[in-house]
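Rule-based calculations on the coordinates, nothing more; no lab input. Remember, it's a predicted structure, so these values are computed and weren't measured experimentally. Reconstructed Cβ throughout: ideal geometry from the backbone, glycine too, with neighbour counts over all protein chains shown.
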Amino acid sequence: MPLDRFVDRVLGFVKVDTAPTSLWSLDGTTAGPLVVGRSLFFDAISKGGEASSRGRGVRIKRRAIDAGSSGLAFSHDILEQLLSRRGPNHRLVRVTQDEIVPDLVADIRRRARLKGLAVPDPPDAPGVAPGSAPPETTAKDRAAILAVDLEALAAAGDSVIWFFFDNPTITLSESSRLAFEGFVDAALVQPHLRLVIAGFETLPLPGQEFGVASPPEGDRSPGLVVEFIGGFRRSDLVDLLTDASRDLTHTAANIGVIENTADLAVLNLPNFNGVYADELLPTVSERLRPQLELFRTAGGGG
Amino acid sequence: MIQRPDKETTAPVALARRFAALSGAFDPESLLDVLGTVPTKVAVAVTAELADACDTGSQGGKWLMRGSVRRRELDSWASEGELDQAIEWRRQLPSDAATDDLLDALVGSGQYAASALQQTIGSQADREALNRIAVALDRAGERAPAHGTLEAVRSALGRLDAHVRAEAMLGRGFFGRESELAQIVQWLAQPITMRPVKALFITGLPGIGKSTLVDEAARRASSAEPPWIVVRLDFDRTGLDVQDRVGLTLEISRQIAIALGDEAATLAQARLAAAGATPTSGPDVKGEAREHVPYELSGVLGGVVGRAGRPILMILDTMRCCGDAAKRIPDGSSTAWTSCAIAVCAPWRPLPPGGAMRSTAQPIVWGFELSSGASTRWIPTPC
C-alpha cells in the first residue's frame, strides 16, 4: 500500500519514536525489575555516546562496598537495554573476572571477537617486550596496541564499542591489574571506545573523574563520570513514576498522582536523612506496581 | 522482553541454578544430564535463564555463574537451611577440580580446613596452588568457614607477583653501580623517624638504569634484618595520580598488606571502608574530595606498620612533578610509622631549584629535604 495513503496516521508516532535515554523498568513492563535512582548513569551514557564528550563512560562505585555487588551487575543489564535502543552501531563487550586469566589483554581481545569484532592478532614483536622494561610499561604498551586495534575497527564501521567491566569476584593478579589500568588509560583517549567500570573501588584508575554527566570543557582531557550507587530517595521514585507514566500513558504525567504514589511507596519505611536502604527496594517495587498497572491500562495497554 | 519462568519451568530452572552455583566453569550440555528428560520448551527456558546468570564467554565455551549471582544463591540457601543439602546433592554429580574445591571450601574440608590452609600459606606454596585456593574461597564467599584466611592467601600471591617483577627486572643480573648502591645503603641506614620528610633523589638520562638501581637496592633492603617493607609507587602506572590521595593511600595499603600477610585482613577491611563514598558536599572524585587523606585508613596503616616493627622504603618511580608530590604522599600516611625512607626516581630534567646539575652518564643520587613550610623548596643534603 502506498505510504501516502496513511502517512498522516503514523507521522505522529514516528516523530515521537526517539530512543529514550532512560529506563524505568528493565524490560519496559510493569512486572519487570524497576530501575530506581540511576539518573546520573542514564545521563552519562547518553552524553558519553556523543563524539565530542569528555566523559567516556561511567565508573560505578558502591557507597558501601560490603553491601554486595548485585547492583553493579544490574548496571550491565541497564546498559545493554540502553544501547540496544540506539541501534547496532553501539556494540557492547562484557568483560568479567570470575576466573583467573593469565593474560587480561588477550582475554579482552577474545571477548571482543566473541561479539563479532574482527580484532587482529597483536604484532609478534611488541613495542616493549616483556623483560626489557618494567612490567608496568610492558602492560601499558600491550593494552595500547589493543585499544588502537579496537579504535580502528570502530572507526571503520562508524560504531562505538562499549566495554563493561564487571567487578572482579576473584583476586586480581598484578599482571591483570596492570593490564586493566593500561587498557583503561589507552581506551579513554580513543574517540570510538567507551568504558563502564563497575566496582574496582580500591583500584586507582587513570583518567579524569567527573561528578556530573556534562563535565566542563576544561582542558578537554577525557575521563569517566563517577556514579555512586546504594540507597535511594523518594525523589528517585518520583522520577521513575514520571518516566513510566509518560511511557505508558503517552500523555503528560499527573503530578498529584505521582507524588501520592511515591508517598505511599515509602510510607513507614525507615530511612536515614531521606535515604532508603537498597534492601527496601523489593517492598517499594511491589507498592509501585499497582499504579504502574493503572498507567498501563490508561494508556490502552492490553 | 525478559522471559520469566512459569510453573512448568520453575523447578528445572532452580535445579539448573543450583548446579551452576555449586560448580566451576561447566559445559552447558552437562545441564541436560542434571535436568533429565524435559520438554524442549523447558530446556530452552532453562538455557535462557541460566545464560543470563552466567558468563557464557568463558574459555573453551564453558559457562561460569557470575560471582554476584552465585553469592546470592548461596546466601538464599543458607538462610533457608538448605546449603548443606545442596552441597551433598552436588557431590553426587560428576565434578571437576574447580567444583571439588568450591564444595570443599564451602564445608571447610580437606585442604580448605583453616589449619590446612594456614599450613599451605606458610609452606610457600606455588602460584597454582594458591590461585586455586583463592578462587575457591572467593567463590564460596563468607559461607566458607576459612574465608578469613583469604586475605593471607592474596598476600602470598602478591608476594609471588613481587618476586616475578624482581625477576623480570633483575633476572639478567645486576652489575656495577656499587658507588650508587653504597650511597643508598648508607642513606637507608638512617631512616626518617620524624619530620621533615627527607628523600633520596635519583635521576639520570632515560635508559640509564635508574629503576634497575632502585630495584636492586629494594631487593637488598627487603633481604635485610629486619626486612624493609618496600612500597613502590611507579608513576608510569597511569592509575596513580598525585591528586588522588585516597587512591594513593589505597595503593600503599595494598602493598603493605602484601608484605605483611598477617594483618592483611585488617587492612583489607579498612581499604574497603576508605574506598566507599565519603560524606562530602562536593563530588567524591579526583581533584576534589579525593585530595583528602583517608585518615581512618591512614590510622589503621600506621598501627599495622607500627606493630610489624619494620621500616618502610617507599619508592616513587618515574616521578615527573615530584616537588610537591613527594611530600604529599607520605603526608598523613607516615605519621604513625616507626621509620620511613623515600627514594624518588625521576627522569632527567631541570632539577630542583638550586640544584643545577650536569647531564651525566651515571645516575645521580641526591639526598634532599622537603621543608615542611615550602613544599616546592628543595634543600640538597649529603646522602
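Can you give the charge dipole size of region B:1-94 about its Cα centre, rounded to the nearest 20 debye, using +1 on the beta carbon of Lys and Arg and -1 on the beta carbon of Asp and Glu?
In total the dipole reaches around 160 debye.
Using Cα pairs closer than 8 Å and at least 6 residues apart in sequence, work out the relative contact order for region B:96-155, in percent.
43
Would you tell me the mean number of C-beta atoms belonging to other protein chains that fall within 10 Å of each C-beta in B:61-72, as a whole number?
The mean count of partner-chain Cβ atoms within 10 Å per residue comes to 5.
Whole-Hz ³J(HN,Hα) for each residue in region A:101-117, computed from phi via Karplus 6.51 cos²θ - 1.76 cosθ + 1.60 with θ = phi - 60°, x for glycine and proline: what do you get?
10, x, 9, 5, 4, 5, 5, 4, 4, 5, 5, 5, 5, 4, 8, x, 8
Exceeding 27 Å between C-alpha atoms, which entries from my cross-link table qualify? They are B:LYS41/B:LYS62; A:LYS140/B:LYS210; A:LYS61/B:LYS62; A:LYS47/B:LYS62.
Check vs 27 Å cut-off fails for A:LYS61/B:LYS62; A:LYS47/B:LYS62.
In percent, what relative contact order does chain A have, based on Cα pairs under 8 Å that are 6 or more apart in sequence?
23
What would the Debye equation give as log₁₀ I(q)/I(0) for region B:1-94 at q = 0.14, 0.17 Å⁻¹, counting only Cα atoms as equal point scatterers?
Scattering profile of region B:1-94, log10 relative to I(0): -0.49, -0.73.
Mind sorting A:TYR276, B:TYR295 by how few other Cβ atoms lie within 10 Å of their own Cβ, fewest first?
Result, fewest neighbours first: B:TYR295, A:TYR276.
Of the peptides A:215-221, B:217-223, how do they stack up when ordered by the mean number of other Cβ atoms within 10 Å, highest first?
So the order, starting with the most tightly packed, is B:217-223, A:215-221.
Give me the inter-chain shielding for A:207-220: mean count of other chain Cβ atoms within 10 Å, whole number please.
The mean count of partner-chain Cβ atoms within 10 Å per residue comes to 3.
Using the basic label-point model (7 angstrom from Cα toward the beta carbon), what is the B:HIS163 to B:ALA273 distance in nanometres?
3.3
What list of ³J(HN,Hα) couplings, whole Hz, do you get for region B:247-259 from phi and the Karplus terms 6.51, -1.76, 1.60, once you set θ to phi - 60° and write x for glycine and proline?
Here the 3J(HN,Hα) series is x, 5, 5, 4, 5, 4, 5, 4, 5, 5, 4, 5, 5 Hz.
What relative contact order, as a whole-number percentage, does region B:1-94 give when Cα pairs under 8 Å and 6 or more residues apart are counted?
31
Taking the highest mean first, how do the peptides A:284-297, A:201-214 order by number of other beta carbon atoms within 10 angstrom per residue?
Descending mean neighbour count gives A:201-214, A:284-297.
How large is the charge dipole for region B:96-142, taken about the Cα centre, if only the Cβ atoms of Lys, Arg (+1) and Asp, Glu (-1) carry charge, to the nearest 20 debye?
120
Taking H as built 1.01 Å from N, whose amide H comes closer than 5 Å to the amide H of B:ILE315, not counting residues under 5 places away?
Amide H to amide H, under 5 Å and 5 or more residues apart or across chains, B:ILE315 pairs with B:VAL231, B:ARG232, B:LEU233, B:ALA343.
If you average the C-alpha positions of region B:81-124 and of region A:166-198 separately, how far apart do those two centres end up, in angstrom?
Taking the Cα centre of region A:166-198 as reference, the centre of region B:81-124 is 31 Å away.
Considering the Cα trace of region A:39-229, what is its radius of gyration and what is Dmax, both in angstroms?
Both quantities, over Cα of region A:39-229: 15.8, 47 Å.
Name the long-range amide H neighbours of A:HIS90: under 5 Å, sequence gap of 5 or more, or other chain; modelled H, no Pro or chain starts.
For A:HIS90, the qualifying residues are A:VAL160.
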